[in-house]
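The numbers here are math on the coordinates, done by the rules we state, and not lab data. Please read all numbers here as calculations on a predicted model, not as lab measurements. When we count neighbours, we look across all protein chains shown, and the Cβ atoms used for this are built from the backbone with ideal geometry, even at glycine.
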Amino acid sequence: MAFGVYYDVDGCALIGHDNRMVYRSTFYCRHNPINVAQTRDNLIAHGLLSRELFRVYESEFGDVNDPAALIRVGEFGRFDSKPKELGMAINKEALAEIERRANENLPLDAFYQALHEAALTPGLGDFAAWTRSHGGRPLIVTDGWDLVAEYLAGKIGAERYAGSHPVFEGGRFTGEVRKLEQKKPVIDDLMKLMKIPYENSIGIDDASSVVTQFGLPIAFCPTNPKLREHPGIVVVEEPHYKHVQKAAEEWLSKR
């Protein structure tokens, strides 16, 4: 019997050139020839980041000297416990704006260069092959760029994908992103098109509680601590899909 497999991209599917999990656009904006110091000062001036948060980040991780590091400061402020304890946490909208500014004027060829430098999260290729051999039908929905979702779909054989749409003009990113406002309605529509119900499907995400709707909900290296508290959810702490496959094999054997 066919079953669906929903993937998020951010933190679930790709490893960057530096062997870090890919969160949103950190892995491709490093090729962007922006003035990092000027962009940092603009982010501070507009209240999106604080100098204090930069100091805390640099004391732990080193200098901020490329566009990817600017976004990692934002991710630090969004997801790490220390900024929350210090009252420096930022929200999702602020992180999206930091990403936009770090990627503004990004050349399209640099974007694709970075994508080709990225690798699948360990074990994902094997899991995708196992999925297809057992009647699994993958779909991808991400808050990130649909261009990344399209690339990943080609790698794992996903039937459907959706994401936010970045606008490029003259081969460069304009800074405009046509957002995917909510994942759930999009996933609803894609699963209806595929004629597969949630209870017959696997959901894999690091942050969104949408996975709790699935027959097998998997929190993959979760950045959302609430996912760990949800009854019945499988939490995978090591970034390797062998753990996902083990859970999927057990789940499939009971269907």
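Values computed for the structure shown
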item	result
Principal-axis tilt of helix 183-194 within the chain, Cα atoms, nearest 10 degrees	40
Reciprocal of mean inverse Cα separation for the chain (Kirkwood radius, Å)	18.8
Protection proxy ranking, peptides 248-254, 173-179, average beta carbon neighbours within 10 Å, highest first	173-179, 248-254
Cα lying deepest toward the dipole's positive end in the chain, options Ile15, Cys221, Gly135, charges on Cβ	Gly135
Under 5 Å, built H, 5+ apart or other chain: amide partners of Tyr23	Gly11
For segment 44-109: rounded, prolate or oblate by the Cα gyration tensor [a/c cutoff 1.5]	prolate
Ser201, Ser164, Ser25, Ser133 arranged by Cβ crowding within 10 Å, fewest neighbours leading	Ser133, Ser164, Ser201, Ser25
Most mobile listed residue (Ala37, Ala69, Ala118) in the chain, GNM with C-alpha springs under 10 Å	Ala37
Cα centroid separation, segment 1-27 to segment 35-70 (Å)	25
Cross-link reach list, lysines versus Lys246, counting only Cα pairs under 28 Å and skipping chain neighbours closer than eight places	Lys155, Lys183, Lys184, Lys192, Lys195, Lys226, Lys254
Helix 51-61 axis, angle to the chain major axis (alpha carbon atoms, nearest 10°)	60
Degrees between helix 92-103 axis and first principal axis of the chain (Cα, 0 to 90, nearest 10)	70
Considering only the chain, percent of DSSP beta bridges that pair antiparallel, nearest 5	30
For the chain, built as a Gaussian network whose Cα springs stay under 10 Å, the top-fluctuating residue of Gly170, Gly125, Gly11	Gly170
Mean ellipticity per residue at 222 nm, deg cm²/dmol - from DSSP H runs of n ≥ 4 across the chain, formula -39500 (n - 2.57)	-12500 deg cm²/dmol
Partner aspartates and glutamates for Lys242 [C-alpha distance under 20 Å; skip if fewer than 8 residues away on the same chain]	Asp8, Asp10, Asp126, Asp205, Asp206, Glu250
Phe173 long-range amide H proximity, modeled H, under 5 Å	Asn105, Leu106, Leu108
Three-way shape label, segment 135-255, alpha-carbon gyration tensor, a/c 1.5	prolate
Sequence-distant residues sharing a close amide H with Val5 (under 5 Å, placed H)	Arg137, Leu139, Ile202
